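Data block below; observations after.
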Amino acid sequence: MFNGKMRDEGNRSVQYCFSNNNLSCIKEVKTGAESVILYLVIFLASVFTVFLNLLVIISISHFKKLHTPTNLLILSLAVADLIVGLIVIPLMGIRYIETCWYFGEMFCSLFPFILYTVVSASLGNLVFISIDRYIAIKDPLQYSTRVTTNKAFLCIIINWLCSTAYSVIMLYEAIFYSDNQSVCYGDCIVTVKFQYVVTDLIVSLVAPCSIIISLYAKIFCIAKNQAQLINSVTNASRSEKKAAKTLGIVITVYLLCWIPFYIASLIPGYDSNESTVINIMSWIMYMNSCMNPIIYALFYRWFRISAKHILSLKILKKSSNYFSVFAEPINQ
């Protein structure tokens, strides 16, 4: 998930990252126009990601009728995506453009920890969302008693705690006992052993994705069987199916953005400073964080309505948190 320095290929003139330090690394110099364009792209990507996920967070937090177990899990996912837009994208963008690390040795160690935690928490949220949708489709009559907001909140806490603990375990040796120290000032290299990369592939991708895919396969089989009885299906059941379909799209997009990175990480030399492939895969992975709100906007009417209320400042009105942001059942 974290691949040392990132440099552009090609012949570039170089200068020191820190001109007043004799131990400074050298950096590749980009043209003025190239730097401006890259900084503009990074800035827009960061702002866009933060803005959209803030809309999701404020919507679900403010409107009482959106306080459902499923939406709480979506809220947790949006928090993880917000951190990516607020911290990961800007810092990785600056390091990619400048080819230097300007944020100090302490944050060089802290940054991969944040990245690992956010990635693990995001995937954990998707696993819980899949379980939630499976129960809603399989046993809709008992769903409200089996799945409550308190249980969803407990799952979110467990997810983030486990993600944090997992990040500490994965990065402890790499950060505190690594033989690969920075060779110059302005460098930031955190190297994870290949066996840890394989372990992370299994724990952070193969295992949870197997659970997610198997649950959604069962969901669509159940939905197909219920389609034969469509005339007797209630509006609530149709609502659950639509919610499952929308969240299925979120999960599919997530996997399409993340699987290529994990595959590339297994290629020998993937963490090389000259690895163009890993750079491309990393940015595809980061941009997934701004895609989820777009999916919600396309498929969730409640998100479009709540966003209009937020942007028009109607949420500042008294008792606006009790406003119904949907005309259809709650999961629409």
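Brief remarks on what is shown
- Annotation: peptides 284-296, 41-53, 97-109, 312-324, ranked by per-residue average of other Cβ atoms within 10 Å with the highest first, follow the order 284-296, 41-53, 97-109, 312-324.
- Of 30/308; 138/317; 65/218; 138/308; 245/308, pairs whose Cα-Cα distance is over 31 Å: 30/308; 138/317; 138/308
- What the phi angles of the stretch 77-88 give under the Karplus curve with 6.51, -1.76 and 1.60, with θ = phi - 60°, is a coupling list of 5, 5, 5, 4, 5, 4, 5, 4, x, 7, 10, 5 Hz, glycine and proline written as x.
- Residues whose placed amide H lies under 5 Å from that of residue 24, excluding near-sequence neighbours: 185
- Highest-first arrangement of 300-310, 192-202, 160-170, where packing means the average Cβ count within 10 Å: 300-310, 160-170, 192-202
- Burial ranking of peptide ranges 206-217, 72-83 (average Cβ count within 10 Å, highest at the top): 72-83, 206-217
FYI, it's all coordinate maths here, none of it is from the lab. Computed from a prediction, not measured in an experiment: that's the story for all the values here. Note: ideal-geometry Cβ built from the backbone for every residue, glycine included; neighbour counts use all protein chains shown.
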